[in-house]
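The values are calculated or read from the model by the stated rules, or taken from the named source; none is laboratory data. What you are looking at is a predicted structure, and each value in this text was computed from that prediction instead of being measured. With ideal geometry, Cβ positions are generated from the backbone for all residues, glycine too; neighbour counts draw on all protein chains shown.
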């Protein structure tokens, strides 16, 4: 059943235990009448099949914990979206299919009205999404609308090169041409569209072409994963928000000489892991988000 | 004192001219050729030492996958197709440590497939 949430009520329900990031966009005030506000959950970088006890000794149960954490949210989200890297990559097609199947079966335990999926490079780059589409199903890039918000899922992972490609960029432009310039738009993608740190493969080679295409639209927010820690960036008026990972955290740029999986902290199990709850709506306010720990202290 | 200062100025001028000609000679010299193999999941060298201002040609090859060779700090990249050799030439214009990496996702060890160019002033 669709639920319209009063914004103050939502803050009370969803903000508990999570750090809030409020949009600083002009015109994105946090007050005002809620108009079909809703909230969704972003889960990213699950890496089912990952095996390194020094980093996550609870790897086998981590996705189930995430499912339980979402199911225990006091206010049920309208939907959950997985933003890629559902499984840890493998060079063996048979194992890839086993992992995707196991992922699908555990994720089926989510008690939410709708779940959206898309792949990360770990799921899809080695076979251009063949196993992913066979088991999870659906296209690699697509759009959907929810309560007046237009969601665009972009694929910058199914080619071994981190690209969107000319065909998809033309598809994006054609889709945007059907939107009003003040339409609320949320872009979901795995890799950052902007060159966050290409030295660690944190970029999409032609991603700025997508950003340029989005630039005429006033209310655009991008949510992505891939970098395994919370990060916020702005290109012009467009905000880009990276989510924490479910399986293991990565060092932020500038904190390690090389991309580093952060070791397990026995004193603080699951530290740095988590997911995101996002409030959105067609009422003119930009999305607001809360970073939720995988396991509450 | 004045003679001393004049001597210092002369030495500095000579050093400057010498430095200029050394840099010009380095730039005019044929590029240093460095063979680099990209194979799952490492490059044949993890650290490559270069001189600032001295052109270098990387002779790239791969036996197993269409790896990428990328040095983002110098906006340099090439696809390295299996069974083919490809060359890329550039002149490092600043000293420091610069990451090179495979930027085509190539499999289980892709994240470790990187190295460092160490560019020195001398």
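Details
- Within the set A:79, A:10, the sole residue that is farther than 23 Å from residue A:249 by Cβ and at pLDDT 95 or above turns out to be A:79.
- The range B:65-114: number of residues that are part of a strand (DSSP E or B) and more than 10 Å from chain A (Cβ to nearest Cβ): 12
- Qualifying positions in the range A:42-58 - crowded, with 16+ Cβ neighbours inside 10 Å and either over 20 Å from the mean Cα position of the chain (by Cα) or farther than 23 Å from residue A:95 by Cα (or both): A:42, A:55, A:56, A:58
- Counting only residues that are within 14 Å of chain B (Cβ to nearest Cβ), touching a strand residue (DSSP E or B) at 6+ places or on another chain (Cβ under 9 Å) and surrounded by 17 or more Cβ atoms within 10 Å (Cβ to Cβ), the range A:163-197 holds 5 of them.
- Test: residue in the range A:143-160 that is part of a helix (DSSP H, G or I), crowded, with 20+ Cβ neighbours inside 10 Å, within 20 Å of the chain's Cα centre (by Cα) and away from chain B (no Cβ under 14 Å): no
- Test: residue in the range A:233-249 that is within 14 Å of chain B (Cβ to nearest Cβ), touching a helix residue (DSSP H, G or I) at 6+ places or on another chain (Cβ under 9 Å) and modelled with pLDDT under 95: no
- Within the range A:87-130, restricting attention to residues that are more than 20 Å from residue A:226 (Cα to Cα) and within 14 Å of another protein chain (Cβ to nearest Cβ), the residue that is surrounded by the most Cβ atoms within 10 Å (Cβ to Cβ) is A:95.
- In summary, residue A:75 fulfils each of the numbered conditions (1) assigned to a loop (DSSP other than H, G, I, E, B); (2) within 12 Å of another protein chain (Cβ to nearest Cβ) with the single exception of condition (2).
- Residue within the range A:196-218 that is under 21 Å from residue A:171 (Cβ atoms), under 15 Å from the mean Cα position of the chain (by Cα) and not in a helix (DSSP H, G or I) present: no
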